[in-house]
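Please treat every number below as a calculation from the coordinates, not as lab data. These numbers come from a predicted model, not from an experiment. Here Cβ is always computed from backbone atoms with ideal geometry, including for glycine, and neighbour counts include all displayed protein chains.
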Amino acid sequence: MSFVADLRVVLRGRDFRRLFGTRLISQFSDGIFQFGVAGFAFFSPENQTTALGVATGLAVLLLPYSVLGPFVGVFIDRWSRRQILMVAPIVRGALLLVAAALVAANVPDPVFYGAALAVLGVNRFFLAALGASLPHVVPADRLMAANAVTPTSGTVVTFVGAGVGFVLREVLGGDDFGVALLLVTSGVVFGLSALVARTMDRRLLGPWFDPERPQARQAVRNVLVGLVDGAKHLVRHRTAAATMGAMAAHRFFYGMATALGIILYRYYFTDGDPEAALRGITLVLATSGVGYFLAVIITPYATERFTIERWVPIALSVAGVLSAALVLPFQEWGLPVAGFVLGVAGQSVKICADTTVQRDVEDIYLGRAFSIYDMLFNGMYVLAAALSAVILPSNGKSYAAVVIIAVGYPVAALAYRMITTSSRAKVV
């Protein structure tokens, strides 16, 4: 099916339209927020960005709440997911207003990062609930179509939000007051998604009642046991686990590419001009967004023709080969094109991962599965940034980093193919 046909099919469901609207509003807001934080952390004239600084910033913003992922799973497997979608935007909006006030007051950076961490923690809670809710509003045979138009459309809207953030920054300025206004705008917009979520029935999105399920307080005490149970459940569904692993591999190499691109633009291509560097990275983000949208169109066709088990390694392998060809010359034109390629490949793999998890994992485990998903999604990105801090020179020009990315993608493709082939042989 085409993207338009997929969208037309899934939009027939009233409840899906409401869940879809909730996602689009929230992720548009998230794009504005992410752009504001990136501009403040990596492209402020007052800050001298280094590879270590990039890694530190990403670790502060992503890794801690990834560690909290198992606790998120406990609650979204027990609480009304519709209520989560109502309350989380309000909490996040309030936190964004606090973060804006902190920036305007020129507080030390660690204080601001603490507020940003809280905002992103609530956001991941929100996104995990959205992922676990999707199977409740579309039939099982439409999950691929739904995954081609919902998380991906949300990602594209995030890029649009980042573009709006860029325009607002140009108008408002890149100083602390301008950043504060960006955060306020993001908070107000995000709060609107709660109004859409409120139109859905409280019981619609699950989870289903299970009299044998322990109370949340007990589950929190045994959260590590629950995480292990969720991981064991995933292992028994090897295709879902392998596709999640492919997504994690992409996030690792994409994280390296991100750190490489930020430092190259900040010091190698622009001679340390932060505004020129920010415009360059914005162009890369824009081309990546186009790639994400193209993945929406081609992934349903590709998986129908090749199957998920073949399309995932194709996407990974192409990403590795083209990344080498485009980045190794270390010319500025190559990075936006590479961003496009990685956008297509990465979002194709993510659509497949979303679909296999939702299709193969039992509903009672979905919350924990998506918590593990989030841990991998963010943790591998931060791990890659940490490695980049070790190997990247001050100007970012590193052949070693490009080789790791170029070779790593095909190796991940081969590992995925071996696991899924072995799994299919056992079933037969």
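Details
- Put simply, the amide H of PHE269, placed in the peptide plane, has no neighbours under 5 Å, leaving out anything fewer than 5 places away on its chain.
- Approximating the spin labels as points 7 Å out from Cα along Cα→Cβ, the LEU328-to-ASN395 distance works out to 2.0 nm.
- Treating r as the C-beta distance of LEU195 and ARG14 and R0 as 25 Å, the FRET efficiency rounds to 0.95.
- A simple rule links phi to the HN-Hα coupling: the Karplus curve 6.51 cos²θ - 1.76 cosθ + 1.60 with θ = phi - 60°, which for the stretch 162-176 gives 5, x, 5, x, 4, 4, 4, 5, 5, 7, 8, x, x, 7, 4 Hz, with x for Gly and Pro.
- Dipole moment magnitude, nearest 20 debye, the stretch 261-346 about Cα centre, only Lys, Arg, Asp, Glu C-beta charged: 220
- Rounded FRET efficiency, nearest 0.05, which uses the C-beta distance separating GLU275 from ARG203 and R0 of 56 Å: 0.65
- Here LEU62, LEU117 are placed in order of increasing Cβ neighbour count within 10 Å, fewest first, which gives LEU117, LEU62.
- Three-way shape label, the chain, alpha-carbon gyration tensor, a/c 1.5: oblate
- In Hz, Karplus ³J(HN,Hα) per residue of the stretch 188-195 (6.51, -1.76, 1.60; θ = phi - 60°; x = Gly, Pro): 5, 5, 4, x, 5, 5, 5, 5
- For the chain, averaging the sequence separation of C-alpha pairs within contact (under 8 Å, six or more residues apart) and dividing by the residue count gives a relative contact order of 29 percent.
- Loop-located trypsin sites (Lys or Arg not before Pro) across the stretch 291-389 with a Cβ neighbour count of 10 or fewer within 10 Å are lacking, with loop assigned by DSSP.
- Segment ILE364-ARG236, length gained on full extension (0.36 nm per residue, minus Cα span): 44.6 nm
- A simple spin-label model places pseudo-atoms 7 Å from Cα toward Cβ; at LEU172 and VAL321 they are separated by 4.5 nm.
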